[in-house]
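Quick notes on the structure that follows.
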Amino acid sequence: MKKAILFLCCLLLGASFAVAQKIPDSKDVETEIRRLEELGRTKSLRGDADWDGLWAEDAHLVDVTGKVTIYKKGLNLGAGFAPPKAMKMSEMIVRVYGETAVVTALMEIEAETADKKPFTFSLRFMNVWRKFADGWKIVASESTPVRLPAK
């Protein structure tokens with residue numbers, strides 16, 4: 001009888017603990033992730049190379065050339081490059097899986113070469129976000145150039 005009562009108390013304690021934990025609403029998470037994606041876009045437009053607040057230590061980045069970079073604090077992505085003239089994000093989809101979120105989107109970029117010749121390109125990207133004690137951080141990213149089909 002004592003074991004049964006102890007077991008029931010543990011069940012009730014566990015249930016009350018689960019109820020006390022705030023399970024984030026996926027819409028709230030989606031809103032936060034969209035805000036962070038926009039923050040990254042505006043940082044790029046400003047030429048801000050400090051991404052420590054958005055990237056997790058040891059995050060894997062696969063760029064449009066297929067090169068893999070492992071993010072380290074202070075990496076300063078984009079340092080030494082002129083910021084793009086414009087970046088338009090569209091077709092964004094955010095899927096939330098508990099404390100992980102996956103983002104896919106299309107990015108259209110207007111930029112200039114070193115000798116001031118304008119060029120544009122589009123890419124699709126995927127960012128995987130994870131919730132840490134200090135907020136949401138990208139743990140993996142991949143970019144794929146968009147090419148028109150051959151005629």
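Which condition number in (1) over 21 Å from E38 (Cβ atoms); (2) of a type in the set (A, V, I, L, M); (3) in contact with a His (Cβ under 7 Å, 6 or more places away or on another chain); (4) surrounded by 15 or more Cβ atoms within 10 Å (Cβ to Cβ) is the one that A140 fails?
With respect to (1) over 21 Å from E38 (Cβ atoms); (2) of a type in the set (A, V, I, L, M); (3) in contact with a His (Cβ under 7 Å, 6 or more places away or on another chain); (4) surrounded by 15 or more Cβ atoms within 10 Å (Cβ to Cβ), A140 is out only on (1).
Mind telling me which of the residues T104, T65 ends up being among the hydroxyl-bearing types (S, T, Y) and closer than 30 Å to D25 by Cβ?
On inspection, the qualifying residue turns out to be T104.
If S26 satisfies every condition in (1) in contact (Cβ under 8 Å) with a residue 60 or more places away in the chain; (2) crowded, with 16+ Cβ neighbours inside 10 Å; (3) more than 24 Å from R147 (Cβ to Cβ) but one, which is the exception?
Every condition holds for S26 apart from (2).
Pairs needed: first member in the range 82-94, of a type in the set (D, E); second member anywhere, in a strand (DSSP E or B); C-beta distance under 9 Å; at least 6 residues apart or different chains.
These pairs meet every condition: E91/T104; E91/A105; E91/L106; E91/R124.
Would you be able to say whether some residue in the range 59-69 is in a strand (DSSP E or B), closer than 21 Å to V139 by Cβ, out of contact with any Asp or Glu (no Cβ under 9 Å at 6 or more places or on another chain) and among the small types (G, A, S)?
yes
Output the number of residues of the range 53-87 satisfying the condition of being buried (at least 16 other Cβ atoms within 10 Å of the Cβ) and out of contact with any strand residue (DSSP E or B) (no Cβ under 9 Å at 6 or more places or on another chain).
Of the residues in that region, 1 qualify.
Coordinate-derived values only; no laboratory data. Quantities reported herein were computed from a predicted structural model and do not represent experimental measurements. Every residue, glycine among them, receives a Cβ derived from its backbone with ideal geometry; neighbour counts consider all protein chains shown.
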